[in-house]
1. In degrees between 0 and 90, to the nearest 10, how far off the longest principal axis of the chain does helix 68-87 point, with axes built from Cα atoms?
2. Which entry in (1) 47, 29, 25; (2) 49, 37, 33; (3) 38, 37, 33 matches Cα extents along the principal axes in Å derived from the coordinates of this structure?
3. Tell me the carbon and sulfur percent of the accessible area for the chain, rounded to whole percent, probe radius 1.4 Å.
4. Rounded to the nearest whole Å², what accessible area per residue is found for region 34-149 with the 1.4 Å probe?
5. Placing +1 at every Lys and Arg Cβ and -1 at every Asp and Glu Cβ, with all other atoms neutral, what dipole size does the chain have around its Cα centre, in debye to the nearest 20?
6. If I build a Gaussian network model for the chain, linking alpha-carbon pairs within less than 10 angstrom, which residue out of Phe53, Phe118, Phe86 has the largest mean-square fluctuation?
7. How many angstrom lie between the C-alpha centres of region 126-149 and region 1-47?
8. Would you calculate, for the chain, the mean residue ellipticity at 222 nm contributed by helices, counting each DSSP H stretch of 4 or more residues as -39,500 (n - 2.57) and dividing by all residues, to the nearest 500?
Amino acid sequence: MSFSDFTTDDELLAKRLKEVAESVKNKPNEMDAKLEGRYISCSGEEKSMTMEFPVLEWETNYGGILHGGIICTMLDHAAGVTAICFMGGWTPTVDLDVHFLRPAKAGDTLIGKACIEFCGSRIIHLRAELVSKTTGKKIASALATYINH
């Protein structure tokens, strides 16, 4: 894969997002499927992807709030799927810098949005965030780096 595979064509992005959704659906025992995320859209103009994650009971910690590891997984998934859609193939995570801002509880839905900030010949930088659909408040954010190969 190279920088020439990068696209901002909304029709191609929608096709790639649908392919990712099918791939995740076909592997129900993997973590990405267990998150039960719903892919909403990709925007070529914004270089972004948006999805929803329900906060499920099994994802909470002893305090009854969404576990930090699950938050990291949601952010990594949103950013990774964004990279896949724009680059046309899998891109491994190099770095994920997460900032936890406030708690989320089971029953809420989080809107995950990731945007490409830089795409070079070797790496891709993205930022991602999770926002509560109920309150509109940001739950967590991340800066992520992926290999472009």
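1. Helix 68-87 sits roughly 20 degrees off the main axis of the chain.
2. After the calculation, the listed value that fits is (1).
3. On the way: 4060 of 7880 Å².
Accessible surface attributable to carbon and sulfur in the chain totals 52 percent.
4. 47 Å²
5. With only Lys, Arg, Asp and Glu charged at Cβ, the dipole is about 280 debye.
6. Phe118
7. 16 Å
8. -8500 deg cm²/dmol
The values are calculated or read from the model by the stated rules, or taken from the named source; none is laboratory data. Because the structure is predicted, anything quoted here is derived from the model rather than measured. All Cβ positions, even for glycine, are placed from backbone atoms using ideal geometry, and neighbour counts span all protein chains on display. Calculation scope for accessible area: heavy atoms of the full protein, side chains included, ligands and nucleic acids excluded. Shrake-Rupley method; radii C 1.70, N 1.55, O 1.52, S 1.80 Å.
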